[in-house]
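No value in this document is a laboratory result; all are computed from the given coordinates. Quick caveat: nothing in here was measured; it's all calculated off a predicted structure. Neighbour counts are summed over all protein chains in view; Cβ atoms, including those assigned to glycine, are modelled from backbone coordinates with ideal geometry.
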Amino acid sequence: MPPRERQKPDGKIAPGLNPATCLFAARALRDFGDGFVAILLPVYLLELGFSPLQVGIIATASLFGSALLTIAIGFLGAHRDLRQLLFAATGLMVATGVAMAMVHDYAPLLVIAFAGTINPSAGSVSVFVPLEHAALTREVTAVDRTKMFARYSLTGALASAVGALAAAIPDSSALVGLERLTAVKLMFVLYALVGIAGGLFYARIPRRPTMGPAEASALGPSRAVVFKLAGLFSLDAFAGGFVVQSLLALWLFERFDLSLAAAGMFFFWSGVLSAFSFPVAAWLSRRIGLINTMVFTHIPSSVVLILAAFAPNLALALALLLIRAALSQMDVPTRSSYVMAVVTEAERAAAASFTSVPRSLAAAASPALAGALVAASYRAWPLVICGMLKIVYDLLLLLQFRHLKPPEER
């Protein structure tokens, strides 16, 4: 996209970065931080002496806190400047990174996970996401919307993959005389610095006038559709919570004694495969539709995940998980595009929020269950439960929404 002009405080127009470019850059920085934090979180907690069950509870607290923050964003999004809300979220990200580096006790860590922005899934479960979705959608036409969301997801996934590689840095800390635990703490400081850098890009987004009470709507004519989608998305998220990235890393550590460096490399390639599946999803959706793309790529990925749970060796398990990575995220840009397409412009921030909130709440319930299963040596069950529930979600989504087409498919 060409550079876009932006408005100065004095009302004059000056050249500036396209708002979408700024949002892509901020997303990349944030996902880079999430990429290494999702892997280092269980390592950090295990280094501090906590159990797999306690790791799962921390992940649950993080997701539940994100859900409550996203509820607030849903009510504020239509009445507040999106840039101001993104600034506030960035400040919380910086505070979270600093606090995680300084705290050792479990109870305060639980509070930080609940109130902060630590993301155990290294994905789209974030208070930033509904704000960015609403801001991005107003930058493109309906025809280009899915392609734009594919680029947005591609940017984040590649950055997350690089972040996963960065998770191996603490293993090399002995070369410079640092203890591993100290090195992990410094990575949380880096997470805070990444938040500051992302805030600089949000500062380049032009202010937009907020809607008046007559225009702004938490949810209006699309309420029934949004609630139904939210219910289905919550089932998908509950399933996904059994294998959020932190817990998948924990499963690999516990089942196969995988090293931190090897885990970082695996999640890097997993992220790369996910990233390049997004443009494929946009291409495929133009030919078979958004709903069909979501369903018919998701079901095979769930089958492969179930097979991975019973893999007899590390090589086969990693191969199956990489196949899953190439398929499982193709519903991300298509899902975002579909939600934005079937609601009115005034409802977009609220719709993005209200479809994210149940996802976060539902996802918050399952990591603690998965941690308990791993702690009890039922290591295969989280993967099996995740795969089976996701298949149920896909079939229900197809049955209920195959006839509700976005404008470009009518």
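FRET efficiency for GLU139 and ALA376, Cβ-Cβ distance as r, R0 = 35 Å, nearest 0.05?
Numbers: r = 49 Å, r/R0 = 1.39.
According to the calculation, E is roughly 0.10.
Where does segment 131-290 land on the Kirkwood hydrodynamic radius, alpha-carbon pairs, in angstrom?
On the way: mean 1/r = 0.0516 Å⁻¹.
For segment 131-290, inverting the mean 1/r across all distinct Cα pairs yields 19.4 Å.
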*Which shape class, rounded, prolate or oblate, goes with segment 253-397 when its Cα gyration tensor gives a ≥ b ≥ c as root eigenvalues, a/c under 1.5 marks rounded, and past that a/b bigger than b/c marks prolate?*
prolate
*Determine which aspartates and glutamates satisfy two conditions relative to LYS228: a Cα distance under 14 Å, and not lying fewer than 8 residues away in the same chain.*
ASP236, ASP394
_Cα gyration tensor, segment 132-180 - rounded (a/c under 1.5), prolate or oblate_ = prolate
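Over all distinct alpha-carbon pairs, what is the Kirkwood Rh of the chain in angstrom?
On the way: mean 1/r = 0.0471 Å⁻¹.
For the chain, the Kirkwood estimate is 21.2 Å.
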*asked:* Just want the answer: with Cβ charges of +1 for Lys and Arg and -1 for Asp and Glu, which residue in SER301, LEU63, LEU154 is farthest toward the dipole's positive end in the chain?
replied: LEU154
*Angstrom value of the Kirkwood radius, inverse mean 1/r, which spans all Cα pairs in segment 235-290*: 13.3
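For the chain, what is the relative contact order in percent, using Cα pairs closer than 8 Å and at least 6 residues apart in sequence? It would help to have the intermediate numbers written out before the result.
Values: 734 pairs, mean separation 118.2, N = 410.
Value for the chain: 29 percent.
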*About the Cα centre of the chain, what is the dipole size in debye to 20, counting +1 per Lys and Arg Cβ and -1 per Asp and Glu Cβ, all else neutral?*
1020
*Once both labels are modelled 7 Å past Cα along the beta-carbon direction, what's the SER259-LEU193 spacing in nm?*
2.6
*Quick one: length gained pulling TYR106 to ASP81 fully straight, 0.36 nm per residue minus the C-alpha distance?*
5.4 nm
*When the chain is fully extended, how far beyond the present Cα-Cα distance does LEU178 get from ARG402, taking 0.36 nm per residue of separation?*
75.1 nm
*Which helices of the chain meet both criteria: a Cα extent of 27 Å or more along the helical axis and a mean Kyte-Doolittle score no lower than -0.5, with helices taken as whole DSSP H segments?*
19-47, 52-76, 82-102, 142-166, 180-202, 260-288, 290-309, 348-375, 381-401
*For segment 314-410, what is the convex hull volume of the alpha-carbon atoms per residue, in Å³?*
117
_Ellipticity estimate at 222 nm from DSSP helix runs (n ≥ 4, -39,500 (n - 2.57)) divided over the chain, nearest 500_ = -25000 deg cm²/dmol
_Selected from ILE196, ILE288, ILE205 as most flexible by GNM, with the chain as the system and alpha-carbon contacts under 10 Å_ = ILE288
*asked:* Sort PHE64, PHE233 by Cβ crowding within 10 Å, fewest neighbours at the top.
replied: PHE64, PHE233
_Please check: in the Gaussian network model of the chain (C-alpha springs, under 10 Å), which one of ALA161, ALA325, ALA197 has the largest mean-square fluctuation._
ALA197
